[in-house]
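Bear in mind these aren't lab numbers, they're just calculated from the coordinates by the rules spelled out. Small disclaimer: the values here were computed from a predicted structure and weren't measured. Every residue, glycine among them, receives a Cβ derived from its backbone with ideal geometry; neighbour counts consider all protein chains shown.
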Amino acid sequence: MKFSFDTSLIFHTVKRRRPCSDETIIQQEYKRKEYDTKSGILTVNTNKKRRLPGARSSQREHSIYKRELEDFTATISFMPRNTRQKFMISASIQQGEFSTGSISVMPNLSANPILPVDSLIFTVVKQGRMEEFMQLLQEGRASVRDRDEHGTPLLHVSETHADRRAVEV
């Protein structure tokens with residue numbers, strides 16, 4: 001498979017850490033900036049969060065390490081203006097702090113297929129046709145990483161328009 005990309009990039013927050021149900025978010029700051037370039041839209045997202053660990057931490061950890069923890073996510077994405085270039089490129093890094101003081105860093109680089117908003121997979125998902133949705137995925141004619149021309153992921157469309165079972169796949 002040959003990839004031909006413009007030099008533009010889109011940073012888009014790809015992953016969001018789900019908080020433990022018992023942790024307390026003290027402060028969260030989300031920033032988004034878009035840059036309109038000749039070849040496409042470059043988007044930069046950042047999310048900085050301060051939180052207190054929940055009681056799920058072991059009793060020892062909870063008493064020793066009860067302090068504010070910080071998490072940070074940054075994403076850069078590029079959506080080409082020319083949709084004949086069939087991929088949106090996204091790079092992100094997520095840094096999370098644990099109550100023990102250790103830090104986890106998770107980088108991510110992805111090339112997501114861009115399909116027309118009226119393509120078969122988006123139509124099937126919007127109409128909630130689950131059997132056909134599953135068949136398209138199994139046959140490799142669609143992917144959960146597909147995005148429309150606006151950069152909207154297929155799973156966001158399924159969550160908004162259709163049966164929640166599509167999101168659980």
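Values for this structure:
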{"quantity": "Cut-off under 5 Å, modelled amide H: who pairs with Val117 long-range", "calculated": "Glu149"}
{"quantity": "Inter-probe distance in nm under a simple model that places probes 7 Å from Cα toward Cβ, at Glu68 and Thr37", "calculated": "3.5 nm"}
{"quantity": "Separation of the Asn82 and Ser119 label points, Cα + 7 Å toward Cβ, nm", "calculated": "1.9 nm"}
{"quantity": "FRET efficiency, Tyr30 to His150 (Cβ-Cβ, R0 22 Å, nearest 0.05)", "calculated": "0.70"}
